[in-house]
Amino acid sequence: MRPIASAVLVVALAAAAGCQGHAGFDTSAQDRPQNEGANVDAKSTLHLRNVFLLGSADPASPAPQQILYAVLINEGSRPVRLERITVDGGGTAQLPGPVTVSRNQPVGTGAKPLCTVTGVRPRGSTVPMTFVFSGNETVRLNVPIKEKTGQYATLTPSLSSINRAET
């Protein structure tokens, strides 16, 4: 009887150890935004969310001009300016001017694009881009290109809807 009790105790301890590992599960996945764009944090106060380029409906014939969507969030104590975006490997991002991101006032919410991009050379389904903020804070990320189909088909921005710099 004693070997059976020892075996039951070993199994119970192993199960308890396994449950303890599951009880302390990783919640960081729950904290990440659920979207198909790129997401990155710069420092602990500047966040880029759901960054993507809107391409054409036909991936075989890329659009000459693409629209960049992104939500910029500043949780810092002072406003931050997006000075420019560079497109690695060629291409140009046309900001409407410096884009100011005030504390706790996100830029790029809704269906408002951030800027236009021309001459991109994708690396697969992404384009490497660098966002340069005031104070030389730079954020580099691979921005996915989304085809203008499905949920993206209804995004029909005019250039006048691009976020304007705050004065």
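Just so it is clear, none of the values below were taken in a lab; they were calculated from the coordinates. Nothing here was measured: the structure is a model prediction, and the numbers come from that model. Don't worry about glycine lacking a Cβ; one is built from the backbone with ideal geometry, like all the others, and counts go over all protein chains shown.
Below, the figures for the structure above:
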item	result
Relative contact order [Cα under 8 Å, 6+ residues apart], the range 36-161, whole percent	28 percent
Scattering profile of the range 36-161 at q = 0.11 Å⁻¹ [log10 I(q)/I(0), Debye over alpha-carbon scatterers]	-0.34
Neighbourhood charge, 14 Å Cβ-Cβ cut-off, centred on Ile67 and excluding it, Lys, Arg +1 and Asp, Glu -1	+2
Cβ-based net charge around Val87, under 12 Å, with every Lys or Arg adding one and every Asp or Glu removing one	+3
Leu53, Leu68 arranged by Cβ crowding within 10 Å, fewest neighbours leading	Leu68, Leu53
Cβ-based charge dipole, the range 36-161, positive-most Cα from Gln105, His47, Thr92	Gln105
The range 36-161 - charge dipole about Cα centre, Lys and Arg +1 at Cβ, Asp and Glu -1, debye rounded to 20	200 debye
